[in-house]
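This report concerns only the one structure given below.
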Amino acid sequence: MSSHDLMDAAMQERLLRLENQVRTDKMMVAFVAEFSRGKSELINAIFFADYGRRIMPASAGRTTMCPTELGYDAALPPSLRLLPIETRLQSQGLAEWRLKRDRWIDIPLDIGDAEQVAKSIEKVAQVRHVSVEEARSLGFWHDELPDQNPVVDVQGRVEVPMWRHALINMPHPLLKQGLVILDTPGLNAVGAEPELTVSLIPQAHAVVFILGADTGVTRSDLTIWREHLISSDAGNEARLIVLNKIDTLWDTLSSPGQVQDQLERQCRTSGAMLRVHPDQVVPVSAQKGLVAKITADEALLRASGLPLLEDVLAKNIMGRRQAILRAAITDGVAALRAETGRVINIRRRDLDDQMLELCSLRGKNASVIDSMRHRIEQEQREFEMSSAKIHALRGVHLKLLRDVFHALGATALKVHMAELAESSQQKGLKLGIRKQYAVVFERIRTALNAAQLSATEIQAMLEGTFRQLNAEFGFSLQVPAVPQLGNFALDLVRIEQSQSQYLSVENVLKLAQPEFASRLTRALSMRLRAVLESATNDLDLWSKSATAQLDAQLGERKRSFVRRIEAVDRIQQAAGGLIERITEIEGSEKALTQLDKRLHTLTAQLMALPQISQTETLTLLQGA
Ligand SMILES: Nc1nc2c(ncn2[C@@H]2O[C@H](COP(=O)(O)OP(=O)(O)O)[C@@H](O)[C@H]2O)c(=O)[nH]1
Ligand SMILES: [Mg+2]
């Protein structure tokens, strides 16, 4: 497209975004549960059985002390990166720390060496012993919630995690495809990172919630589910309940039929308690699954239920994500084809006009040709004058748009959140804080609505201008459809929902501590910022593609004047010039038809990208 002068700035940006989306789009699956339900063991069984041993530390007691993300970024060597817990004393949220690579401890992983990998990853379980005072400022001690606080030892110290967050970069085939796994410590731990609740888990594309078959649905499982995972919309589809440790029911005194009955009953009651469809409850034994894979014991593997779980993960979760990406590509490429097709048509019409013009000169004398030249020059001057007017109009439209961007920008958000931020920093109970949150959401909703209205007005204005230009110059300008900001409003609803679910009575008590309240507010602000930024990006791209069209057609027209004058010049200078020029135009018409065909072939290829089949995803999952 570039070599045929068909690539404008907006198109280029759209393609870059699409490419970026395909390359970097991540699909996050969060493993959430009370501690010791077997999250880490399940990750071992699904992803790391090839190593022939446990890679994520999984044992009785609290092992995973910090949220751990497993993913792959080809730009970085395999490594474990750890963010020290002391960063909690500063106000930046996790998202900001991610950008500061030098603040993380970097441990290289030798992926060929299972021993080294497992030893390194054990660090996610490291702890420190600190004074109650220090634990309080790190967010692990809340005077208002005495029964949740950690145990104080004889020296008056308490145990806290050494790390705030861990990032594991490993070239596993599924991670290479963009899957990111989030392993979490028990969420109800007093010290749970607000960011986890406000940002990471609600943004996960799927959540695997794990129960123990030995315990059933306990009170604390229910609390976690209610505070973090219930979603009123269709999102519940992306929740998978795993009933783990089914091997604890394999009891030599019961017959296989009895065990099976008991299992089915447990799946049904768990599903009913959490209000999910029984199909979404999958019974497994992570531990036996891991052992079976390592020892290549087919019968045990089948009994562990692991293959079934992997099947559900591949089909429901990875499959859906793929469908979304595919749709994005099809839409983007279809838009590209339509817009480029429009430019090709303009060129074709322009060639037709020139052809008519030249044919009318056949056998005419010099003075007719001369007056044609004058006419073209006159047209050209008029056109130049109008294009100055067009630039002025564009100035108005850009100014309106800048106002919209400002209303959705960082400064405006800060203003919306000012009172909330201020009261977060105060000491003491904040029972009125829910109202303040509600106010913030209401203001942002209003801002988004106003942005939508302004965009619609700008569109109406552009349509008027384009209509006029189309009539005056025979352009074929068409204002692209105004972006619908409704999806962002939906995101807002989701964020508000997860926020208010989280602010159950106990968590509201934690807000008494200014550090905790500030961290929560800051995490919220980062998320809102991201939503508003995406809305701004969409509006920006929309406006760019409208102005790029205008630029393209103005440019084509300018070039066409030059070509027409050149042609007349040549005809005036040489007798054979006319025929030569007509032949040239015929050649250009053919080339244009070729170009159009090629555009169709290439875009068709992009739109019909081969599906990665579910069996293939499954093979990747099973590490074959
Ligand atoms: N019997 C049995 N024990 C399991 C199973 N999965 C995990 N465990 C054990 O449960 C304990 C906690 O597992 P872990 O993965 O660390 O739990 P997490 O805190 O949820 O990550 C460990 O001792 C595991 O070996 C299972 O399927 N069956
Ligand atoms: Mg764990």
### Summary
The lone condition L274 fails out of (1) over 20 Å from G38 (Cα atoms); (2) in the same structural domain as R219 (by TED's automatic domain parsing); (3) among the aliphatic types (A, V, I, L, M); (4) more than 16 Å from ligand 1 (Cβ to nearest atom) is (1)
### Task
Being in a helix (DSSP H, G or I), open to solvent by less than 20 Å² (accessible area, probe 1.4 Å) and farther than 30 Å from A451 by Cα is the filter here, so list the residues in region 497-513 that pass it.
N507, V508, K510
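With respect to R494, is the statement that it is in a helix (DSSP H, G or I), open to solvent by 30 Å² or more (accessible area, probe 1.4 Å) and touching a residue at least 40 places away in the same chain (Cβ under 8 Å) true?
On the way: in a helix (DSSP H, G or I): yes; open to solvent by 30 Å² or more (accessible area, probe 1.4 Å): yes; touching a residue at least 40 places away in the same chain (Cβ under 8 Å): yes.
So R494 fits the description; yes.
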#### Entry: Subset tally (residues that are of a type outside the set (D, E, K, R), at pLDDT 85 or above and farther than 30 Å from M28 by Cβ) for region 142-180
6
### Search result, residues across region 229-259 that are in a helix (DSSP H, G or I), open to solvent by 20 Å² or more (accessible area, probe 1.4 Å) and at pLDDT below 80
A234, G235, N236, E237
### Query
Only one of R23, R37, R17 is within 15 Å of ligand 1 (Cβ to nearest atom) and either assigned to a loop (DSSP other than H, G, I, E, B) or under 16 Å from the mean Cα position of the chain (by Cα) (or both); which?
R37
### Task
Residue by residue through region 43-64, note down the ones that are of a type in the set (A, V, I, L, M, F, W, C) and near ligand 2 (Cβ under 9 Å from one of its atoms).
I43, M56, A58
### Query
Applying the selection to region 425-475, what residues are hydroxyl-bearing (S, T, Y) and either outside any helix (DSSP H, G or I) or closer than 23 Å to L550 by Cβ (or both)?
S454, T456, T465
### Message
Tell me whether region 65-74 contains one or more residues that are within 11 Å of ligand 2 (Cβ to nearest atom), on the phi < 0 side of the Ramachandran plot and either open to solvent by 20 Å² or more (accessible area, probe 1.4 Å) or assigned to a helix (DSSP H, G or I) (or both).
### Response
yes
### Task
Given the conditions (1) surrounded by fewer than 18 Cβ atoms within 10 Å (Cβ to Cβ); (2) within 13 Å of ligand 1 (Cβ to nearest atom); (3) not polar (S, T, N, Q), report the number of the one that K288 does not fulfil.
(1)
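Can you confirm whether region 78-86 contains a residue that is open to solvent by less than 40 Å² (accessible area, probe 1.4 Å), basic (K, R), at pLDDT 90 or above and within 16 Å of ligand 2 (Cβ to nearest atom)? Show your work before the answer.
Step one: list which residues in region 78-86 are open to solvent by less than 40 Å² (accessible area, probe 1.4 Å), which gives 78-85.
In the following step, the residues that additionally are basic (K, R) were identified as 81.
Adding the requirement that they be at pLDDT 90 or above leaves 81.
Right, trim to within 16 Å of ligand 2 (Cβ to nearest atom) and you get none.
The answer is no, given that none of the residues of region 78-86 is open to solvent by less than 40 Å² (accessible area, probe 1.4 Å), basic (K, R), at pLDDT 90 or above and within 16 Å of ligand 2 (Cβ to nearest atom).
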### Task
Within region 102-121, track down each residue that is exposed (fewer than 15 other Cβ atoms within 10 Å of the Cβ) and within 23 Å of M56 (Cβ to Cβ).
I105, D106, P108, D110, G112, D113, E115, Q116, K119
### Task
Enumerate the pairs (first residue in region 45-57 and assigned by TED's automatic domain parsing to the domain that holds G71 and small (G, A, S); second residue anywhere and modelled with pLDDT of 90 or more and within 12 Å of ligand 1 (Cβ to nearest atom)) with beta-carbon separation below 7 Å, excluding pairs fewer than 6 apart on the same chain, so at least 6 apart or on different chains.
A45/A286; A45/G289; A45/L290; A45/L306; A49/L290
### Query
Does any residue of region 533-547 turn out to be open to solvent by 50 Å² or more (accessible area, probe 1.4 Å), of a type in the set (D, E, K, R) and in contact with a Pro (Cβ under 7 Å, 6 or more places away or on another chain)?
yes
### Summary
Heads up, the helices (runs of 4 or more DSSP H) in region 130-226 (entirely inside) with at least 2 residues that are under 11 Å from P67 (Cβ atoms) and either within 16 Å of ligand 2 (Cβ to nearest atom) or out of contact with any strand residue (DSSP E or B) (no Cβ under 9 Å at 6 or more places or on another chain) (or both) are none
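Name the residue, out of R347, R362, that is at pLDDT 85 or above, open to solvent by 40 Å² or more (accessible area, probe 1.4 Å) and on the phi < 0 side of the Ramachandran plot. Break it down stepwise before answering.
Details: R362 fails: at pLDDT 85 or above.
One residue alone meets the criteria, R347.
Please work out if A166 is of a type in the set (G, A, S), on the phi < 0 side of the Ramachandran plot and either open to solvent by 40 Å² or more (accessible area, probe 1.4 Å) or out of contact with any Lys or Arg (no Cβ under 8 Å at 6 or more places or on another chain) (or both).
Details: of a type in the set (G, A, S): yes; on the phi < 0 side of the Ramachandran plot: yes; either open to solvent by 40 Å² or more (accessible area, probe 1.4 Å) or out of contact with any Lys or Arg (no Cβ under 8 Å at 6 or more places or on another chain) (or both): no.
Here the answer is no, as A166 does not meet what is asked.
The values are calculated or read from the model by the stated rules, or taken from the named source; none is laboratory data. Keep in mind it's a predicted model, so treat the numbers as computed, not measured. Backbone-built Cβ (ideal geometry, glycine too); neighbour counts: all protein chains shown. Areas reflect the complete protein model, heavy atoms only, side chains present, ligands, DNA and RNA absent. Shrake-Rupley method; radii C 1.70, N 1.55, O 1.52, S 1.80 Å.
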